[in-house]
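Since the structure comes first, as structure tokens, the remarks are kept for the end.
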Amino acid sequence: MSRTLRPPKLHRRLHQSAKPQHAQPVPLASVVQAKIAQIDKERPLHSSLVDTFHRGHDYLRISLTEKCNLRCFYCMPSEGVELSPKAHILTDDELIRLATLFVKSGVRKIRLTGGEPTVRKGVVDLVGRLNELRRYGLRSIGMTSNGIALHRRLPQFIDNGLTHLNLSLDTLDPFKFEIMTRRPGHEAVLRSLQVALASPGLRSVKLNVVVIKDLNEHEVSDFVEMTRERDLSVRFIEFMPFTGNKWQQTKMVPSSELLRRISSKHPQLFKAADELNDTARSYKIPGYLGSFGFISSMSDHFCASCNRLRLTADGQIKVCLFDNKEVSLRDRIRAGATDDDLLELIGQAVRGKAEKHGGMKDLDDLREGPNRPMILIGGFYPSRNAPSKYARHRRFNDAAHHNHLTMIQRRLFSSGSKEPEPKLTHIDGTGRPSMVNVSDKIPSKRTATAVGRIYIPPVAYHLITDTSQRKDGDGSGLPADPLGKAKAKVRSKGDVLTVAQLAAIMGSKKTSDLIPLCHPLALSHISVSLTPEEVAAPESDSSNLRHRITCRATVTCEGKTGVEMEALTAVSVGLLTVWDMLKAVAGKEMVIGQIFVKQKTGGKSGDFVRAADEI
């Protein structure tokens, strides 16, 4: 029997090539460390960006503004915040100078935040200027936005260099959205998400969801389901403590619990590969196009791999989200500092970075820490006991939502809170209704202006504004069809706006008769106007107009208490009268809303003017 013999050299080569198959696997930690070392060697970081725990910081988050067009309760305190004067905010040139310095020192990723970054003037051009820093090594420009005003401008952002987008959306329920954000706009955010997913110029689209127990935790599976047919990464973020958001550990849902719930429904899910220094632990479900993940800042922090620095809108460098220590780069720039001076200052701040959570030992420390509200991780915020000379910048919540939101938030966040519970002025110590005692107050001049709107269909709008068909108020000359008869009925009641104006004035005078605990006041002047308006429908083409009548009432008195209620009553009665006058032609389509106090003067609480962007 013959046997084919393998040539000795070939045998040795095969034997040698087979050896690695039986070698011990290289530990994953060693592979990661080698990769980091290789990256550092190729793109060395300046020593100013390396802290005492050997963490390199190549990711810079830049807050462009403290302003926001939403009022999310976990981000902004219910009493509002005080904004920095405009002169304290970094100019475009100052911001670009600092960004250039950071990129030349090794930063490879910049993310634009706020407040809401899209409300800053010239932000599209600013992205274009940042994009020029690619020649120094910048690799990506991201943005975190609430999406309210983004979808029309997103193509411009992408053309100017935007590569990554994170949208914030905490609920798929429009009503709950208004509870959590204190503003409408749910549909606008969804539209921005659709545009983003359809934009090939974006390398990634992520959806940030802050999960809060007993509020939106049951929507987690719905958000996961959004990844089935969309190349979308949904990231569930643990509720974090910031000044004024009434954080409690009992309202935080640990990421491990969310993963358990999702796993019970999708047992085949698997861990996805995470990017280096990624804050989220990502997972995929077989057959799903997108992914989901968890940012476990509280229960399972990622401090050991943190590579992030923050530049606030007023020019402070913040090395940790939870650390209240800040260093002003703005002041040094305006004092004439050189780039070397700034790098030294940045290095001092980075070397002072704590190992985890800003040096706090536990969650209770985090809750009590004097950190800014989340909205102002880009702004000025005084201590609670220090009076502020910037009180005129205070932002107030929308009056139309305030009472309902206060009730919801008190139910969600009252237990265990060490902050004083808000008190109702018209309730006595036993909980019974009681009129406020104003006998000790000094009379002063007080004014209040309230505004409200009624949306009406086009037929009612033209009936009010078109005087060419009026025939002595009797409606003669109109067709005899049902609509013509309805129009005639409306006109037989008289001029709609004039009648509503008179009703508003009369209603203001009767406020104390209508509202049980209001003081009767001797009003010195009441001014009411009702203005028909055609406006573009929200988030739609300008050709799609909505028709409305805006009622504005200003009430003045010399007294011991304010006249906000009198102004609100005037507007409410005026709009109700319009409804009554037009119900024959528009009763099923009219909507009354957006009734609020626009401004007031006089009284102990001081003057107040609501900003235009809060409505």
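The values are calculated or read from the model by the stated rules, or taken from the named source; none is laboratory data. All of these numbers come straight from a predicted model, not from anything done at the bench. Heads up, the Cβs are rebuilt from the backbone with ideal geometry, glycines too, and the neighbour counts pull from every protein chain shown.
Only one of 573, 563, 597 is under 19 Å from residue 496 (Cβ atoms) and in the same structural domain as residue 451 (by TED's automatic domain parsing); which?
On the way: 563 fails: under 19 Å from residue 496 (Cβ atoms); 597 fails: under 19 Å from residue 496 (Cβ atoms).
Sole residue among the options that is under 19 Å from residue 496 (Cβ atoms) and in the same structural domain as residue 451 (by TED's automatic domain parsing): 573.
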Could you list all residues from the range 112-132 that are within 20 Å of residue 316 (Cα to Cα) and over 16 Å from the mean Cα position of the chain (by Cα)? 123, 126, 130
Mind checking whether some residue in the range 116-123 is touching a Lys or Arg at 6+ places or on another chain (Cβ under 8 Å), crowded, with 22+ Cβ neighbours inside 10 Å and part of a loop (DSSP other than H, G, I, E, B)? yes
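Which one of 168, 140, 145 is in the same structural domain as residue 257 (by TED's automatic domain parsing), in contact with a helix residue (DSSP H, G or I) (Cβ under 7 Å, 6 or more places away or on another chain) and hydroxyl-bearing (Ser, Thr, Tyr)?
On the way: 168 fails: in contact with a helix residue (DSSP H, G or I) (Cβ under 7 Å, 6 or more places away or on another chain); 140 fails: in contact with a helix residue (DSSP H, G or I) (Cβ under 7 Å, 6 or more places away or on another chain).
Being in the same structural domain as residue 257 (by TED's automatic domain parsing), in contact with a helix residue (DSSP H, G or I) (Cβ under 7 Å, 6 or more places away or on another chain) and hydroxyl-bearing (Ser, Thr, Tyr) holds for just one of 168, 140, 145, which is 145.
For the range 173-182: of the residues being touching a helix residue (DSSP H, G or I) at 6+ places or on another chain (Cβ under 8 Å) and either in contact (Cβ under 8 Å) with a residue 24 or more places away in the chain or not hydrophobic (A, V, I, L, M, F, W, C) (or both), which is surrounded by the fewest Cβ atoms within 10 Å (Cβ to Cβ)? First the steps, then the outcome.
Taking the range 173-182 first, the residues touching a helix residue (DSSP H, G or I) at 6+ places or on another chain (Cβ under 8 Å) are 173-174, 177-179, 182.
Now drop any that are not either in contact (Cβ under 8 Å) with a residue 24 or more places away in the chain or not hydrophobic (A, V, I, L, M, F, W, C) (or both), which leaves 173-174, 178-179, 182.
On the way: 173: 14, 174: 12, 178: 20, 179: 18, 182: 22.
Among those that are touching a helix residue (DSSP H, G or I) at 6+ places or on another chain (Cβ under 8 Å) and either in contact (Cβ under 8 Å) with a residue 24 or more places away in the chain or not hydrophobic (A, V, I, L, M, F, W, C) (or both), it is 174.
Answer yes or no as to whether residue 91 is over 19 Å from residue 333 (Cβ atoms) and among the hydroxyl-bearing types (Ser, Thr, Tyr). I'd like the intermediate steps shown before the answer.
Values: over 19 Å from residue 333 (Cβ atoms): no; among the hydroxyl-bearing types (Ser, Thr, Tyr): yes.
No.
Would you say residue 79 is out of contact with any helix residue (DSSP H, G or I) (no Cβ under 9 Å at 6 or more places or on another chain) and at pLDDT below 95? Break it down stepwise before answering.
Details: out of contact with any helix residue (DSSP H, G or I) (no Cβ under 9 Å at 6 or more places or on another chain): yes; at pLDDT below 95: yes.
For residue 79, the condition - out of contact with any helix residue (DSSP H, G or I) (no Cβ under 9 Å at 6 or more places or on another chain) and at pLDDT below 95 - is met.
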How many residues does the range 517-528 contain that are farther than 15 Å from residue 568 by Cβ and surrounded by fewer than 14 Cβ atoms within 10 Å (Cβ to Cβ)? 3
Kindly indicate whether residue 63 is modelled with pLDDT under 90 and in the same structural domain as residue 168 (by TED's automatic domain parsing). no
What is the number of the single condition among (1) surrounded by fewer than 22 Cβ atoms within 10 Å (Cβ to Cβ); (2) at pLDDT 95 or above that residue 214 does not meet? (2)
Considering each of 95, 162 in turn, give the residue that is buried (at least 20 other Cβ atoms within 10 Å of the Cβ) and assigned to a loop (DSSP other than H, G, I, E, B). 162
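Of a type in the set (Ser, Thr, Tyr) and more than 29 Å from residue 335 (Cβ to Cβ) - does that describe any residue in the range 96-117?
Here is the first cut: in the range 96-117, the ones of a type in the set (Ser, Thr, Tyr) are 100, 105, 113.
Okay, now just the ones that are also more than 29 Å from residue 335 (Cβ to Cβ), so none.
No - not one qualifying residue is present in the range 96-117.
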Among the residues of the range 203-212, is there at least one that is more than 26 Å from residue 66 (Cβ to Cβ) and part of a helix (DSSP H, G or I)? no
Look through 222, 170 and report the one residue that is buried (at least 20 other Cβ atoms within 10 Å of the Cβ) and among the acidic types (Asp, Glu). 170
Looking for something surrounded by 18 or more Cβ atoms within 10 Å (Cβ to Cβ), in a helix (DSSP H, G or I) and touching a strand residue (DSSP E or B) at 6+ places or on another chain (Cβ under 6 Å) - is there at least one such residue anywhere in the range 99-112? yes
